[in-house]
1. Being at negative phi, touching a strand residue (DSSP E or B) at 6+ places or on another chain (Cβ under 6 Å) and surrounded by fewer than 23 Cβ atoms within 10 Å (Cβ to Cβ) narrows it down to one residue among P218, P203, P159; which is it?
2. Among the listed residues V422, V415, identify the single one that is at pLDDT 95 or above and either among the acidic types (D, E) or on the phi < 0 side of the Ramachandran plot (or both).
3. Filter the stretch 92-140 for residues that are within 12 Å of the ligand (Cβ to nearest atom), surrounded by fewer than 24 Cβ atoms within 10 Å (Cβ to Cβ) and of a type in the set (S, T, Y) and give the result.
4. I need a count of the residues in the stretch 372-422 that are of a type in the set (F, W, Y) and surrounded by 16 or more Cβ atoms within 10 Å (Cβ to Cβ).
5. Output the qualifying pairs, or none if there are none: Cβ atoms under 6 angstrom, residues six or more apart or on different chains, first residue in the stretch 146-160 and of a type in the set (V, I, T), second residue in a strand (DSSP E or B).
6. Consider the stretch 308-325. How many of its residues are surrounded by fewer than 19 Cβ atoms within 10 Å (Cβ to Cβ), within 16 Å of the ligand (Cβ to nearest atom) and either part of a loop (DSSP other than H, G, I, E, B) or of a type in the set (A, V, I, L, M) (or both)?
7. Which numbered condition in (1) out of contact with any helix residue (DSSP H, G or I) (no Cβ under 7 Å at 6 or more places or on another chain); (2) over 30 Å from G351 (Cα atoms) is the only one that R248 fails?
8. I'm told L89 meets every condition in (1) over 29 Å from the mean Cα position of the chain (by Cα); (2) within 16 Å of the ligand (Cβ to nearest atom); (3) crowded, with 20+ Cβ neighbours inside 10 Å; (4) of a type in the set (A, V, I, L, M) except one. Can you identify the failing condition by its number?
Amino acid sequence: MWGGRFSTQPAEIMQAINVSIGVDRRLWAQDLAGSRAHCRMLAAQGIIGQADADAILKGLDTIEGEITDGSFPFRDQYEDIHMNVEARLSELIGEPSGRLHTARSRNDQVATDFRLWVRGACDQTGERLKALQVALLDRAEQHAGDLMPGFTHLQTAQPVTLGHHFMAYVEMFGRDAGRFADARKRMNENPLGAAALAGSPFPIDRHATARDLGFDRPMGNSLDAVSDRDFALESLAAASITAGHLSRLAEEIVVWMTPMFGFASLPDDLTTGSSIMPQKRNPDAAELVRAKTGRIIGAFVALSTVMKGLPLAYSKDMQEDKPPVFEAFDALDLAVGAMTAMVRAIQPNTGRMAEAAGAGFSTATDLADWLVRELGLPFRRAHHVTGAAVKRAETLGVGLAQLPLADLQALEPGVTDGVYKVLSPEASCASRQSFGGTAPEQVRARVAEWRLRL
Ligand code: ARG
């Protein structure tokens, strides 16, 4: 491609460090789309002749056919996807192929291809997250009235419903999907026509190629267009946050499935056994979802480190932008898919969860609130009395709901037996009717709202 200036072939090590076709071949569809848009625009502007444009477009169609049927020769000697396509085009149609690169550089070409790819990945991730949210909504509705312990510090805190717990993740994945949608909006500008770095002296129409490729507008600065990868970083940041959410839910599934918790199980087809311990059923999928977070956050760190300190405009460092992005989106796709399957299939042990919901003095706050509401105690005093009641119940080896009235009255004379109405985990959940609270009606209301939004 640059033989005119060079008298020798590249050294083997030069080729080895330079070649990227093994990675960027994944951009083939975007590369063809970009070339078609560029070619049509060149012809419409009279920069190349219509006959040449037709030959180029036909050649690109042939290349698409070869790539899809597996016969396309991806060759290391042509370095990357852009030059592989152009070299093949030249073999197929000869002389007119040389006109395609008029008013274009690989710098704006790769920026365009990569933007299109990341845009598609963001869209697809949004759809996949939506499917995960729907799976969570279904389970939340099903278990809107089923009790489980709510935790802080992984210590029993207050009873909640399992539906409420699932809905917490619907909210998280909703924000995640929003971050991908936001990133998409910001990235949806056309770099094509920035050429090498300074723009083009040809009368190109960057608005036309923008329309053709589904971009909202051309990017406003040619140096920026070929040299920033913030769109990739932003989507990796969104992916990292999503992966963090996925790993929290994965961790909960792992914990719920330990025999000591016994809160849930997964069907055989979503677990693995052990080659030595016959009794084992391992939540490998959940563990791997949890682990993929490492790769995804690693990708963000890798790319931001590549970009840091690069002078304007393009530097070959930027060829290292693709492996982390591809790896992160592959990992995220697997993680969201595996999590969706687990959410659909998880079998909660609702009896065991309900039993645990009432253990650990989980309604102590309800007792304190009752003392405030019914007897007018200041909350701090009520907290103290309740602490003493818990201590007494612990001594007697009973739960708060079983603590004799006399023992409660010994601590606070005004207590009546009306207090027992609030001491069950059912009553505790049912009373939390504040917007976004755990009461089954509230959970069902949020489910209904989310169904409309999705
Ligand atoms: N394969 C290159 C990349 O991914 C394409 C751009 C090459 N540009 C250049 N000036 N050498 O970044």
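The values are calculated or read from the model by the stated rules, or taken from the named source; none is laboratory data. Nothing here was measured: the structure is a model prediction, and the numbers come from that model. Please note: Cβ atoms are built from the backbone with ideal geometry, for glycine as well, and neighbour counts cover all protein chains shown.
1. On the way: P203 fails: touching a strand residue (DSSP E or B) at 6+ places or on another chain (Cβ under 6 Å); P159 fails: surrounded by fewer than 23 Cβ atoms within 10 Å (Cβ to Cβ).
So the residue among P218, P203, P159 that is at negative phi, touching a strand residue (DSSP E or B) at 6+ places or on another chain (Cβ under 6 Å) and surrounded by fewer than 23 Cβ atoms within 10 Å (Cβ to Cβ) is P218.
2. Values: V422 fails: at pLDDT 95 or above.
On inspection, the qualifying residue turns out to be V415.
3. S105
4. Going residue by residue through the stretch 372-422, those that are of a type in the set (F, W, Y) are 379, 420.
If we keep only those that are surrounded by 16 or more Cβ atoms within 10 Å (Cβ to Cβ) too, we end up with 420.
Total meeting the criteria: 1.
5. Cβ pairs passing all conditions: T156/P149; V160/G150.
6. The number of residues fulfilling the criteria is 4.
7. Unmet for R248, out of (1) out of contact with any helix residue (DSSP H, G or I) (no Cβ under 7 Å at 6 or more places or on another chain); (2) over 30 Å from G351 (Cα atoms): (2).
8. The failed condition is (2).
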